[in-house]
1. Among the residues of region 93-106, how many are under 21 Å from residue 26 (Cβ atoms) and part of a loop (DSSP other than H, G, I, E, B)?
2. Report whether or not residue 140 is away from the ligand (no atom under 16 Å from the Cβ) and modelled with pLDDT of 95 or more.
3. Working only within region 62-92, note down all residues that are assigned to a helix (DSSP H, G or I) and either within 19 Å of residue 25 (Cα to Cα) or in contact (Cβ under 8 Å) with a residue 40 or more places away in the chain (or both).
4. Which of the residues that make up region 170-198 are within 20 Å of residue 21 (Cα to Cα), free of Cβ contacts under 8 Å to residues at least 40 places away in the same chain and either crowded, with 21+ Cβ neighbours inside 10 Å or more than 11 Å from the ligand (Cβ to nearest atom) (or both)?
5. Quick one: in region 145-169, which of the residues that are assigned to a helix (DSSP H, G or I) and loosely packed, with under 14 Cβ neighbours inside 10 Å is nearest to the ligand (Cβ to nearest atom)?
6. When region 170-207 is examined, which residues are found to be under 15 Å from residue 7 (Cα atoms) and part of a helix (DSSP H, G or I)?
7. Check residue 59 against each of (1) in contact with a helix residue (DSSP H, G or I) (Cβ under 6 Å, 6 or more places away or on another chain); (2) surrounded by fewer than 17 Cβ atoms within 10 Å (Cβ to Cβ); (3) touching a residue at least 24 places away in the same chain (Cβ under 8 Å) and name the one condition it does not meet.
8. Quick one: would you say residue 109 is free of Cβ contacts under 8 Å to residues at least 40 places away in the same chain, in a loop (DSSP other than H, G, I, E, B) and surrounded by fewer than 22 Cβ atoms within 10 Å (Cβ to Cβ)?
Ligand code: SF4
């Protein structure tokens, strides 16, 4: 399984050289807030919202001092903005009260913050702090499952399965590669398996896609 994962990552790295996070940020706090906003919202939209937001609020203390209504107003074009505003405010309050206003650098501390799960924590660790961290979002989970690198539906289990077979120094990159591959090729509906650069290594391609193709060929021959 390690060899298969390596081959897949080598190919995806060639396919997407220089892949990096799409969220724009310049500090760990900015990445934390942007990632919290990005659930069910496109990165592009988050970037348009944070462009103004980050000018207004620069520190955890700024968010902590702002009223919930003010934060809601600043982010009201993103999905679930009320819940997200509450999480941001709660998170920043805890940062101020327990971490001296700084974003902590361990998964255990990050996941103590309101609204911060393992995915968000790993994105911050991997991209703002340069640590090895594999974040599992919906794309990473789907791609890993189809490729046969995990059997689990649970993101935490998927993370564990991937971390077992992928060398630590490739964890952060794996997240970016699987996300971009999931967006461009291994789409949720109608994956572009025929042109996929890793289809030779993909369980879904062999067990689902090719079978479906064979069946439709047989049906069309019968109908001739
Ligand atoms: S072959 Fe299809 S299912 Fe497999 S990784 Fe490529 S696009 Fe996804």
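The values are calculated or read from the model by the stated rules, or taken from the named source; none is laboratory data. These numbers come from a predicted model, not from an experiment. Here the Cβ positions follow ideal geometry from the backbone for every residue, glycine too, while neighbour counts run over all protein chains shown.
1. So the count comes out to 6.
2. Here the answer is no, as residue 140 does not meet what is asked.
3. Across region 62-92, the qualifying residues are 62, 63, 71, 74, 84, 85, 87, 88, 89, 91, 92.
4. Within region 170-198, no residue meets the criteria.
5. Step one: filter region 145-169 for residues assigned to a helix (DSSP H, G or I), giving 145-147, 155-165, 168-169.
Filter once more, so that each one left must be loosely packed, with under 14 Cβ neighbours inside 10 Å: 156, 164, 168-169.
Numbers: 156: 22, 164: 20, 168: 23, 169: 23 Å.
Out of the qualifying residues, it is 164.
6. Of everything in region 170-207, those that are under 15 Å from residue 7 (Cα atoms) and part of a helix (DSSP H, G or I) turn out to be 170, 171, 173, 174, 177, 178, 181, 199, 200, 201, 203.
7. Tallying (1) in contact with a helix residue (DSSP H, G or I) (Cβ under 6 Å, 6 or more places away or on another chain); (2) surrounded by fewer than 17 Cβ atoms within 10 Å (Cβ to Cβ); (3) touching a residue at least 24 places away in the same chain (Cβ under 8 Å), residue 59 fails exactly one: (1).
8. No, not satisfied.
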